[in-house]
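Values in this text are rule-based calculations from the coordinates and carry no lab data. Just so it is clear, the model here is predicted, and its values are computed rather than measured. Here the Cβ positions follow ideal geometry from the backbone for every residue, glycine too, while neighbour counts run over all protein chains shown.
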Amino acid sequence: GKSGCKPQKTPTNAGPDRYIPNRNTMRMEMANFLLTKENDPAEESPTKKERQKAWAVNLNGFDIEEAKILRLSGKPQNALEGYQNNLKVLYSQKVTPSSSKKNARYIPSMPDRILDAPEIRNDYYLNLIDWSTQNFLAVALDTSVYLWNHTSGEIIKLMEMEHTTEYVSSVSWIKEGNYLAIGTSNAEVQLWDIQHQKRLRNMTSHSSRVGCLSWNSHILSSGARSGHIHHHDVRVAEHHVATLTGHTQEVCGLKWSSDGRYLASGGNDNLVNVWPSIQGGSGGFTPVQTFTQHQGAVKAVAWCPWQSSVLATGGGTSDRHIRIWNVCSGTCLNAVDAHSQVCSVLWSTNYKELISGHGFAQNQLVIWKYPTMVKVTELQGHTARVLNMTMSPDGAIVASAAADETLRLWRCFEMDPIKKKEKEKANSVKSSIIHQGIR
């Protein structure tokens, strides 16, 4: 008929965009065998495998184990080194999903703020700054102690020594932040009420300057140049309740663990002693551990906030090492050469990291990853050795005092805003439970 429809014919010359496979060269049966063989759980002996390999070579002309399910023309690309794939594909590249990629946090290389610290004493053995839970930074400048309110920026001159030949040698806040302990060059330990800016008491028991202080509830421990450590019960008139005699030279590092079980002390005799907590009020304690590996004075002493039995210590110019200890077993978990005098060590409460302050030669701060002790970054800016460091109550800022007569505030442990809200929420829940228990 005249329908106008012409029968369709296969064109004699195929266009360049058509692919017509030649199935005769593709060994489809072999491909099917290999795919189903991968699911076969049967275990075969080595002898049987060798026999089957010989049969395959004789029958097929090649080894089935080396056969490809898909064969592409051209030279195949080499797989990544060490790459394994049971399906024997020619090439595979593992792409990391964008959701699993971790963005490294930004750590500012410059200080957030620089404060003047005129006449700060360039003495390695003293501990001249401390930051309270009420956000006051106490700084000892020669004969005086100043308080800086980080929230308002207000500066308060708290006290001044009576004689110009005397100086303040240490400061330490009680946990609640309402009292400040001050050690002096004339062997005194003073206790000050911050709200009323008034000295509450003057405790005398040492025979030489008090270079370090540390609180454990109502017990204030003080370390002196004589090598002695005294425990003071600030609630009673007879405050001197115990003496620890484990050092032969000046005690320059002193820190109670957060759970109050141990007191760690470091001295100019290169020793680190770990003392048990107060029992009743009796004296004559002996250390539960004594570490002798440091080859220089040990001033840097810090307890890990999430592992109460882990202690970090740092040695002076002739040692230059940071060491991590397990005080229960007495083992050294890690040791790293910092290549410079270690003046101070702090653990971060927001990250699994710690920060160290250094003297000669670079006068820098270094952040380390824990437990690998891999260096995260260096913070440089001080032109003389870093004497002390202390941390803000929220754990985001580190304050460093140096012999260049400056205090620098480094915003190096700032938390992610989402994680910060979660942490604050968790802390508020804890505090509400405590208050309910008190009521």
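Taking the Cβ of Ser226 as the center, what net charge do the other residues with Cβ under 11 Å away carry, scoring Lys and Arg +1 and Asp and Glu -1? Walk me through the numbers before you get to the answer.
Working: positive: Arg209, Arg225; negative: Glu250.
That sum, taken over residues with Cβ under 11 Å, equals +1.
Pull out the extension gain between Gln295 and Arg201, defined as 0.36 nm times the separation in residues minus the alpha carbon to alpha carbon distance; nm, one decimal.
30.0 nm
Can you tell me what the convex hull of the Cα atoms of the range 125-245 projects to on average, as an area in nm²?
On the way: hull surface 28.0 nm².
Mean shadow area of the hull around the Cα atoms is 7.0 nm².
What does the charge count around Tyr167 come to, taking other residues whose C-beta lies under 14 Å from its C-beta (Lys +1, Arg +1, Asp -1, Glu -1)? Walk me through the numbers on the way to the answer.
Values: positive: Arg121, Arg209, Arg225; negative: Glu119, Asp123, Asp142, Glu160, Glu162, Glu166, Glu188.
With Lys, Arg at +1 and Asp, Glu at -1, the neighbours total -4.
Within 14 Å, Cβ to Cβ, of Asn127, how many net charges do the neighbouring residues add up to if Lys/Arg are +1 and Asp/Glu are -1? All intermediate terms of the calculation are to be shown ahead of the outcome.
Numbers: positive: Arg121, Arg209, Arg225, Lys255, Lys299; negative: Asp123, Asp130, Glu250.
Once all neighbours under 14 Å are counted, the net charge is +2.
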